1. Condition check: small (G, A, S), farther than 21 Å from R122 by Cα and under 26 Å from the mean Cα position of the chain (by Cα). Does A172 satisfy that?
2. Just one of A163, A184, A168 is out of contact with any Gly (no Cβ under 6 Å at 6 or more places or on another chain) and not assigned by TED's automatic domain parsing to the domain that holds R111; which is it?
3. Which condition from (1) more than 20 Å from the chain's Cα centre (by Cα); (2) over 30 Å from R7 (Cβ atoms) is the one that L166 breaks?
4. Going residue by residue through region 224-233, is there one that turns out to be surrounded by 12 or more Cβ atoms within 10 Å (Cβ to Cβ), touching a Phe, Trp or Tyr at 6+ places or on another chain (Cβ under 9 Å) and farther than 20 Å from F113 by Cβ?
5. Could you say which residue among P221, P162, P178 is in contact with a Leu (Cβ under 9 Å, 6 or more places away or on another chain) and at pLDDT below 95?
6. So, in region 234-253, exactly how many residues are among the hydrophobic types (A, V, I, L, M, F, W, C) and either part of a helix (DSSP H, G or I) or crowded, with 18+ Cβ neighbours inside 10 Å (or both)?
7. All but one of (1) over 17 Å from T47 (Cα atoms); (2) of a type outside the set (K, R); (3) in the same structural domain as K4 (by TED's automatic domain parsing); (4) modelled with pLDDT under 95 hold for I131; state the number of the condition that does not hold.
8. Tell me, yes or no, whether region 58-70 has at least one residue that is in contact with a strand residue (DSSP E or B) (Cβ under 9 Å, 6 or more places away or on another chain), within 24 Å of K265 (Cα to Cα) and either in contact (Cβ under 8 Å) with a residue 60 or more places away in the chain or surrounded by 14 or more Cβ atoms within 10 Å (Cβ to Cβ) (or both).
Amino acid sequence: MRSKVIRVWEVLDAGETTRSAYKRVLARPTSLKVAKNMICLLLWLETIAGVHVLEDVSAMEGSGITLSRLVIEADALYNYLLHGQEAPPEPLVGIPAIEALCNSGRLVDFRFFKFHRDLVARGVTVIRDTIAEVVFSDHLHTMLRRFEDEVHSSTSVTTSMPAPELIAPFVAITRTPPEDSRTAFVAFWEGHPLSSQDIINYFEQLLGFGRCIERVETEQPCAGQTPKHAVIVFSSAELREQVMFNETAVYYRVNGYDMWVQAYKPPL
């Protein structure tokens, strides 16, 4: 069975909220580079189910302190993730504006990005090199608006067609690895960590799913901290869905402690 061909205009249409947030950040004003980097990072965050940040950004006051703080945090975090820079200095390491957008840090905090650094970086890179190139294109948006204006202003059935660039297939040259589609993020309550073996035993033995997990990696925190994050790579995307009862996020009670598990939905 052939997969549906996605056209460039469809990506533009689906990215309307992303474009609106991008324009709001630019109007702050913000440099093109910083605005693009920020939107790519926030668009990746939207691939985490239940975190819808770009609509909130597009509604922010352009001269407000919240947006200004968000730009500073996102720029520092992007450079940390993709350019190998050192961790943002205090007080940026707390990324409170980003945490507030993401349900007050239930899953997402700076330690989340530190632990999942490589995974986030490759996901953001795919967005930057594919979807973002379309969403950020003023040329494509101008052509789409021109065509829509022609259709809306016509008093009769129009035979005009969108520009060839708009109806061309959207081809993503780079994609995230297949492994990411069978990955789930894990978060513990502070002070109540679980070991990798605890997690494996819970799913494979206590819940009776058998050999469903390829590996579990648990955060190695700094001195004085307890692990707060982990990642599960299931044997297949189908097994991940079974274990999570076809939900995108589930609370589990393991050894008397709560464990939050959230499926990762890669951008491409």
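1. On the way: small (G, A, S): yes; farther than 21 Å from R122 by Cα: no; under 26 Å from the mean Cα position of the chain (by Cα): yes.
It is false that A172 is small (G, A, S), farther than 21 Å from R122 by Cα and under 26 Å from the mean Cα position of the chain (by Cα).
2. Details: A163 fails: not assigned by TED's automatic domain parsing to the domain that holds R111; A168 fails: not assigned by TED's automatic domain parsing to the domain that holds R111.
Only one candidate qualifies: A184.
3. Condition not satisfied by L166: (2).
4. Kept after step one, since they are surrounded by 12 or more Cβ atoms within 10 Å (Cβ to Cβ), are these residues of region 224-233: 225-233.
The next check asks that each one be touching a Phe, Trp or Tyr at 6+ places or on another chain (Cβ under 9 Å); those that pass are 226-232.
Among the residues that remain, those that are also farther than 20 Å from F113 by Cβ are: none.
No; the residues of region 224-233 include none that is surrounded by 12 or more Cβ atoms within 10 Å (Cβ to Cβ), touching a Phe, Trp or Tyr at 6+ places or on another chain (Cβ under 9 Å) and farther than 20 Å from F113 by Cβ.
5. Working: P221 fails: in contact with a Leu (Cβ under 9 Å, 6 or more places away or on another chain); P178 fails: in contact with a Leu (Cβ under 9 Å, 6 or more places away or on another chain).
None of the other options fit; the residue is P162.
6. So in region 234-253, the residues among the hydrophobic types (A, V, I, L, M, F, W, C) come out as 234, 237, 239, 243-245, 249-250.
In the following step, the residues that additionally are either part of a helix (DSSP H, G or I) or crowded, with 18+ Cβ neighbours inside 10 Å (or both) were identified as 234, 237, 239, 243-244.
Counting residues in region 234-253 that are among the hydrophobic types (A, V, I, L, M, F, W, C) and either part of a helix (DSSP H, G or I) or crowded, with 18+ Cβ neighbours inside 10 Å (or both) gives 5.
7. So I131 meets the others, but not (1).
8. Residues of region 58-70 in contact with a strand residue (DSSP E or B) (Cβ under 9 Å, 6 or more places away or on another chain): none.
No: region 58-70 contains no residue that is in contact with a strand residue (DSSP E or B) (Cβ under 9 Å, 6 or more places away or on another chain), within 24 Å of K265 (Cα to Cα) and either in contact (Cβ under 8 Å) with a residue 60 or more places away in the chain or surrounded by 14 or more Cβ atoms within 10 Å (Cβ to Cβ) (or both).
The values are calculated or read from the model by the stated rules, or taken from the named source; none is laboratory data. Keep in mind the model is a prediction, meaning the values are calculated, not measured. We place every Cβ from the backbone using ideal geometry, glycine too, and count neighbours over all the protein chains shown.
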